[in-house]
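The values are calculated or read from the model by the stated rules, or taken from the named source; none is laboratory data. Small disclaimer: the values here were computed from a predicted structure and weren't measured. When we count neighbours, we look across all protein chains shown, and the Cβ atoms used for this are built from the backbone with ideal geometry, even at glycine. Calculation scope for accessible area: heavy atoms of the full protein, side chains included, ligands and nucleic acids excluded. Shrake-Rupley method; radii C 1.70, N 1.55, O 1.52, S 1.80 Å.
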Amino acid sequence: MGKFTALVILSQDTNNIQEKVVEMLSPYYFELEVEPHKEYFNQEELQAEMEYLSTFSKEEIKKLADKYEVSGENLIEDLAKINLDWYEEDIAGIDEHGAYQITTINPQGKWDWYIFIKAEPRELESPISYPCRVADLPKIVPYALITPDGKWYEANGQEIDWDLKVQEILAFYPNCLAVGLLCHM
C-alpha cells in the first residue's frame, strides 16, 4: 500500500500521548506474531488481481512469467496468486470455507512503521498542529482513524461514504485530542 495518514483520537486527559498511541496501535502492528490460525484464499482479491494483470501487455506478462519461472495455461491466474503471496505448496487444507494456509501473521495488521506528524501543511491555509482538540480540526479525511476505544477505521474505496464516516466519528469526540501519524504498510 505504501504510506498513509492516520488520526488517533485520545481522551483529553491523556498524560503520555506517545505511550498511549503505541498502546493503541500495537494490536494493528503487521509483524505482531499471533497464535497460528487459518488464512483463507480470497477469490475476490484473486479476481481483482487477475483483472489488473490483464491490463498488462503480452511483453510485460512474459517478463513477469520469466521472473517468477511461471508457465502454463493459467499464466495470469498463477501470477496473480504469486502477487497475493498464495502458493499451492503452502495450502494446509480445504474445508467448508475453501482453501487455507496456517499462519502466525497478524490478521489485523495495518502498519509496519509510523512517525508522528507535528504539523500537517495545507494549501492556502495554516498548517494543522498536532496534537490538537478534535473540535479544532478543519475538515480533513485521513486514510485511517483510531478511536479512544482502540477501534480501527479505514477508507474502503468509496470516498464519499468515507468522508461522511470520518466526520461522523470525529463529531462524536469533539473534546478529545487528535494525533496525526504518517504510517507505512
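Would segment 176-183 turn up any residue that is loosely packed, with under 14 Cβ neighbours inside 10 Å and not in a strand (DSSP E or B)?
no
May I ask you to verify whether Ser57 is open to solvent by 60 Å² or more (accessible area, probe 1.4 Å) and of a type in the set (Gly, Ala, Ser)? So Ser57 fails the test. One residue is enough: does segment 101-116 have a residue meeting the conditions without any contact (Cβ under 8 Å) to a residue 24 or more places away in the chain, among the β-branched types (Val, Ile, Thr) and on the phi < 0 side of the Ramachandran plot? No; the residues of segment 101-116 include none that is without any contact (Cβ under 8 Å) to a residue 24 or more places away in the chain, among the β-branched types (Val, Ile, Thr) and on the phi < 0 side of the Ramachandran plot. So, of the residues in segment 137-149 that are open to solvent by 20 Å² or more (accessible area, probe 1.4 Å) and closer than 21 Å to Ile115 by Cβ, which turns out to be farthest from the chain's Cα centre (by Cα)? Residue satisfying both the conditions and the ranking: Leu137. Inspect segment 117-127 for any residue being assigned to a strand (DSSP E or B) and under 22 Å from the mean Cα position of the chain (by Cα) and give the result as yes or no. Yes: one or more hits.
Inclusion of Val134 among residues that are touching a residue at least 24 places away in the same chain (Cβ under 8 Å), open to solvent by 60 Å² or more (accessible area, probe 1.4 Å) and in contact with a helix residue (DSSP H, G or I) (Cβ under 7 Å, 6 or more places away or on another chain) is not warranted. Within segment 36-62, the set of residues being within 16 Å of Leu79 (Cβ to Cβ) and charged (D, E, K, R) comprises Glu45, Glu49, Glu51, Lys58, Glu59, Glu60, Lys62.
Among the residues making up segment 3-51, those that are of a type in the set (A, V, I, L, M) and open to solvent by less than 50 Å² (accessible area, probe 1.4 Å) are Ala6, Leu7, Val8, Ile9, Leu10, Ile17, Val21, Met24, Leu25, Val34, Leu46, Met50.
Looking across segment 82-101, the residues that are outside any loop (DSSP other than H, G, I, E, B), open to solvent by 30 Å² or more (accessible area, probe 1.4 Å) and not β-branched (Val, Ile, Thr) come down to Asn83, Glu88, Glu89, Asp90, Asp95, Tyr100. Number of residues in segment 102-119 that are of a type in the set (D, E, K, R) and surrounded by 15 or more Cβ atoms within 10 Å (Cβ to Cβ) equals 1. Taken over segment 151-165, residues that are closer than 21 Å to Tyr114 by Cα and either open to solvent by 50 Å² or more (accessible area, probe 1.4 Å) or at pLDDT 95 or above (or both) amount to 5. Filter segment 71-81 down to the residues that are surrounded by fewer than 10 Cβ atoms within 10 Å (Cβ to Cβ) and either part of a helix (DSSP H, G or I) or within 23 Å of the chain's Cα centre (by Cα) (or both) and list them by number. Those that are surrounded by fewer than 10 Cβ atoms within 10 Å (Cβ to Cβ) and either part of a helix (DSSP H, G or I) or within 23 Å of the chain's Cα centre (by Cα) (or both): none in segment 71-81. Please determine, by comparing only the residues of segment 1-29 that are outside any helix (DSSP H, G or I) and touching a Phe, Trp or Tyr at 6+ places or on another chain (Cβ under 6 Å), which one is modelled with the highest pLDDT. Here the answer is Ile9.
The set of residues in segment 30-70 being within 18 Å of Met185 (Cβ to Cβ) and outside any helix (DSSP H, G or I) consists of Phe30, Glu31, Leu32, Glu33, Val34, Glu39, Asn42.
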